[in-house]
Every structure is written in structure tokens, then in C-alpha cells.
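What follows is a short report on a single structure.
Since every read-out is calculated from the coordinates, none of them should be taken as a lab result. Keep in mind it's a predicted model, so treat the numbers as computed, not measured. Using ideal geometry, Cβ is built from the backbone for each residue, glycine included, and neighbour counts are taken over all protein chains shown.
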Amino acid sequence: MEQIVIEEIKKLFKKKRNTLYNVRIVYIVYTDTINVFFEEQKIGEPTYSYPIGQFTGEMKDKMPEFAKRITIETKVSAKLFNL
């Protein structure tokens, strides 16, 4: 599943001018799931967020390492929330 998420990020990352890219990894306490979103924002416009993956809560301890792997392999910064 991790490799699928990385491949999806590579497809969505287009390096457009004046555009910010980010990957957001969010742990949802109530459902014990981890959601992964690809976000892009043209400067001065709203952020568009695309869901690209979902993990079970059991993967919670592996997410900091996965975020580093995303940043290294795709050149898009990954941020953790609620972890």
C-alpha cells in the first residue's frame, strides 16, 4: 500500500509555477484510521486536497518513517497531524 501511495503522489506532482505542493498524513482517532491527502495550492487560490490512501491505526508507529520516505522519493514535503 505504501508504494501505491508514493506512485500516486508522483502522478499528481506536476511542478507548476507558483504552486505549492504538500502531503498531509492525518490520524483520525474516532475511526482509528490514517488518511493520506495530496494538496496543491496556486498562490492566491484555495487549496485542493486529493485523498490518495488510507491505512489502519496499526500503522500509526510507522508513519513518521513513511513521511520521510515520501519526502525523499517524491520531493514533496509530508506533514503528520494528530500522530
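Spin-label pair Asn82-Glu7: with each label point 7 Å from Cα along the Cα-Cβ axis, the two points sit 2.8 nm from one another.
I need to check one value: relative contact order of the chain, counting alpha carbon pairs closer than 8 Å and at least 6 residues apart, in percent. Normalised by residue count, the contact order of the chain is 33 percent. Net charge in the neighbourhood of Thr56 (other residues with Cβ under 14 Å of its Cβ; Lys, Arg +1, Asp, Glu -1) is -2.
Using 0.36 nm per residue and subtracting the Cα-Cα separation, the extra length available between Tyr30 and Lys62 on full extension is 9.6 nm. Across segment 61-77, coupling constants 3J(HN,Hα) worked out from phi with the 6.51/-1.76/1.60 Karplus curve, θ = phi - 60°, read 6, 8, 5, x, 5, 5, 4, 5, 5, 4, 4, 5, 7, 10, 6, 10, 5 Hz, and Gly and Pro carry x.
Proximity of backbone amide H atoms, modeled 1.01 Å from N, is registered between Asn22 and Glu39 at under 5 Å, excluding neighbours fewer than 5 places apart on the same chain.
Each of Gly53, Phe13, Phe81 was scored by the projection of its Cα onto the charge dipole of the chain, and the greatest displacement toward the positive side belongs to Phe13; charges sit on the C-beta of Lys, Arg, Asp and Glu. Note on the chain: with a GNM built from Cα contacts shorter than 10 Å, the maximum mean-square fluctuation among Lys68, Lys15, Lys42 falls on Lys15. Sorting the segments 72-79, 46-53 by their mean number of nearby beta carbons within 10 angstrom, highest to lowest, gives 72-79, 46-53.
Shown for the chain: lysine pairs separated by 8 or more places, or found on different chains, whose C-alpha atoms are under 16 Å apart, numbering 13. Only Lys, Arg, Asp and Glu carry charge here, each on its Cβ (+1 for the first two, -1 for the last two); on that basis the chain has a dipole of about 520 debye about its Cα centre. Out of every Cα-Cα pair that the chain contains, those further apart than 16 angstrom amount to 48 percent. Where Lys and Arg each count +1 and Asp and Glu each count -1, what net charge lies around Thr47 among other residues with Cβ under 12 Å from its Cβ? Summing Lys and Arg as +1 and Asp and Glu as -1 gives -1.
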